[in-house]
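The values are calculated or read from the model by the stated rules, or taken from the named source; none is laboratory data. From a predicted model like this one, the values you see are computed outputs, not experimental measurements. A quick note on method: Cβ atoms are made from the backbone with ideal geometry, for glycine too, and the neighbour counts reach across all protein chains shown.
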Amino acid sequence: MPTPYHPPVKRSVEIAGHKTSISLEPLFWNMLRDAAMREGVSVNALVARIDAERIACETPPGLAGAVRIWLVAQPFVAVNAHPDIDRSSGD
């Protein structure tokens, strides 16, 4: 298994018709691609959605940081989206 420690890689994305670039570690690029596939959207569309969410914040982080936070937060968001599931078994 390759090491997850790798310097950021800069890639171009398009948000609302404007090209910009984001520097993310390959692990996060892979996670972003996988998340876009799960949601049935392009990477650009998912980044645009994350960008819109971050801009709405009182003190928005940078775009790369917002992407990382969004990716890491997804398992917690999914858990909170289904409060009817019993998670008390501890297994």
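Key figures for this structure:
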| quantity | calculated |
| --- | --- |
| Some residue of region 57-77 being assigned to a loop (DSSP other than H, G, I, E, B), at pLDDT 70 or above and either under 19 Å from residue 29 (Cα atoms) or touching a strand residue (DSSP E or B) at 6+ places or on another chain (Cβ under 8 Å) (or both) | yes |
| Residues of region 1-22 classified as in contact with a Leu (Cβ under 8 Å, 6 or more places away or on another chain), among the hydrophobic types (A, V, I, L, M, F, W, C) and surrounded by fewer than 12 Cβ atoms within 10 Å (Cβ to Cβ), total | 0 |
| Region 1-50 - residue that is more than 23 Å from residue 75 (Cβ to Cβ) and part of a loop (DSSP other than H, G, I, E, B) and, of those, farthest from the chain's Cα centre (by Cα) | 17 |
